[in-house]
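Asks: The following block contains the structure, expressed as structure tokens.
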Amino acid sequence: MKETLLAILKEHSGAYVSGEELSNRMQVSRTAVWKHIGGLREEGYEIESAPRLGYRLVAVPDLLLPLEIHDGLKTEVMGKKVYHYREVDSTNRVARELARAGEAEGAVVLAEAQSAGRGRLGRAWNSPCGGIWLSLILRPKLPPYKAQLLTLMAAVAATEATAAVSAVTPGIKWPNDLMINGKKLAGILTEVSAEMEQLNYIVLGLGINANIPADWFAGELEQIATSIMAQSGEAVSRVAWVQAFLRNMEQEYMQAEQIGFEDVLKRWRRYSVTLGKGVDVQLADHRESGTAVDIDEQGALLVRTESGVKTFWAGDVSLRPDDGK
């Protein structure tokens, strides 16, 4: 009901809408309209009221609210259900619990900030206000060994969402980092629940430094991390970014279910800042060095070493000095 009310207020572009018109169009009492107005105000929407004039929308909060994500999204599955938090320990933790409880595919968990965000290999991930901290629940009909392909798909979708709403086009460092000018812009953490032959669910966690000012990246962070705002000099619409990402994911996901991942792999290669570069691959007990030459059909990294081409399904990859973009 609040979604309908907000749509009507937006339709009038800041002009007043009478309580009677709202009541008639929503088919509820004027008291119910007043209560829903109060609910929108609690979420941060600035709505003025005036006797004999009604209500008008003055300002929309800069928050990743479900009502804003749904406005114009037009997807069939991705983002149909949105959970929003002002702060949470980890969107992936919330999404895992929802998935275990049977939440439908395409549900999204968003937070304005995280207090215990995580990256790969258990690393802490700083998640202040201004970023986009998102987890997406998927239930693909795929064998577990193909889960890596969904990480690559998310990286492509995030890269293209960034290019669509800003002046920044990042590159992708295998397997899951978005980079710009040699600095990390975003990371993806994929968590899988699977049995021997089938996936139960996947939680795709994505953290992107969107509207975080350049001076926040001080000290050690200055050399390794950046944001869309720091690179472009302008704030980006975080709502527009989330919508673009969900649309991209839905298109790629449905296409992959029908014809496979060939197009995803082709586009991943186009954006890669890893292929053709000298790399070090840190494994649990040793390090391998060589030149990244390709990814295979399952998304594993192929590296030409002194002893031949080796396949890596996992590992912490770093580009050799002067090999970043």
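Asks: Cα centroids of segment 155-187 and segment 252-317: how far apart, whole angstrom?
Replies: 16
Asks: Quick check: the angle from helix 91-100's long axis to the longest principal axis of the chain, C-alpha only, nearest 10 degrees?
Replies: Its long axis makes an angle of about 80 degrees.
Asks: Shifting gears a bit: Distance cut-off 20 Å, Cα to Cα: go down the list Lys74/Lys173; Lys141/Lys310; Lys146/Lys183; Lys2/Lys35; Lys74/Lys266; Lys146/Lys266 and report the pairs above it.
Replies: Distance filter (> 20 Å) returns Lys74/Lys173; Lys141/Lys310; Lys146/Lys183; Lys74/Lys266.
Asks: Search the structure for amide H atoms under 5 Å from the amide H of Ala225, placed 1.01 Å from N in the peptide plane, and list their residues when 5 or more places away or on another chain.
Replies: Sorted by chain and number, the residues that satisfy this are Lys184.
Asks: Moving to a separate point now. Filter the trypsin sites (Lys or Arg not before Pro) in segment 14-98 down to the DSSP loop ones having no more than 14 other Cβ atoms within 10 Å, then list what survives.
Replies: Sites meeting the loop and neighbour criteria: Arg52, Lys74, Arg86.
Asks: While we're here: Could you tell me which GluC sites (Glu not before Pro) in segment 20-84 are loop residues by DSSP with no more than 11 other beta carbons within 10 angstrom of their beta carbon?
Replies: Glu76
Asks: Let me ask you something else. Considering the options Pro61, Pro213, Tyr271, tell which one lies farthest towards the positive end of the dipole of the chain, charges being +1 on Lys and Arg and -1 on Asp and Glu at the Cβ, about the Cα centre.
Replies: Pro61
Asks: Could you give the size of the charge dipole of the chain about its Cα centre, using +1 on the Cβ of each K and R and -1 on the Cβ of each D and E, expressed in debye and rounded to the nearest 20?
Replies: That gives the chain a dipole magnitude of about 280 debye.
Asks: Here is a further query. Pick out which of Ser193, Ser127, Ser29 has the largest mean-square fluctuation in a Gaussian network model of the chain, springs linking Cα atoms closer than 10 Å.
Replies: Looking only at Ser193, Ser127, Ser29, the largest GNM fluctuation is found for Ser29.
Asks: Identify, among Val94, Val281, Gly14, the residue whose Cα sits farthest towards the positive end of the charge dipole of the chain, taking +1 on the Cβ of Lys and Arg and -1 on the Cβ of Asp and Glu, with the dipole about the Cα centre.
Replies: Toward the positive end, the furthest listed residue is Gly14.
Asks: Still on this structure, I have one more. Could you report the chain's accessible area per residue, 1.4 Å probe, as an integer in Å²?
Replies: 47
Asks: Here is a further query. According to a simple spin-label model (label point 7 Å from Cα along Cα-to-Cβ), what is the distance in nm between Glu76 and Val192?
Replies: A separation of 2.6 nm, rounded to one decimal place.
Asks: Place a +1 charge on the Cβ of each Lys and Arg in segment 191-280 and a -1 charge on the Cβ of each Asp and Glu, then give the dipole magnitude about the Cα centre in debye, rounded to the nearest 20.
Replies: Around 400 debye, computed over segment 191-280.
Asks: Sticking with this one: Between the DSSP loop rule and a limit of at most 15 other Cβ atoms within 10 Å, which trypsin sites (Lys or Arg not before Pro) in segment 140-248 are left?
Replies: Passing sites in segment 140-248 are Lys141.
Asks: Separate question: Whenever you get a sec, compute what percent of the accessible area on segment 237-283 sits on carbon and sulfur atoms (1.4 Å probe).
Replies: C and S atoms contribute 45 percent here.
Asks: What is the sum of charges around His286, taking Lys and Arg as +1, Asp and Glu as -1, for the other residues whose C-beta is under 13 Å from the C-beta of His286?
Replies: With Lys, Arg at +1 and Asp, Glu at -1, the net is -2.
Asks: Tell me, what ³J(HN,Hα) does each residue in segment 229-244 have, in order and in whole Hz, if you take phi through Karplus 6.51 cos²θ - 1.76 cosθ + 1.60 with θ = phi - 60° and put x for Gly and Pro?
Replies: Karplus-based 3J(HN,Hα) across segment 229-244 equals 4, 5, 7, 9, x, 9, 6, 10, 6, 5, 4, 4, 5, 4, 4, 5 Hz.
Asks: While we're on this one: Per DSSP H run of n ≥ 4, the term is -39500 (n - 2.57); total these for the chain, divide by its residue number, and report the mean residue ellipticity at 222 nm rounded to 500 deg cm²/dmol.
Replies: -10000 deg cm²/dmol
The values are calculated or read from the model by the stated rules, or taken from the named source; none is laboratory data. Nothing here was measured: the structure is a model prediction, and the numbers come from that model. When we count neighbours, we look across all protein chains shown, and the Cβ atoms used for this are built from the backbone with ideal geometry, even at glycine. Calculation scope for accessible area: heavy atoms of the full protein, side chains included, ligands and nucleic acids excluded. Shrake-Rupley method; radii C 1.70, N 1.55, O 1.52, S 1.80 Å.
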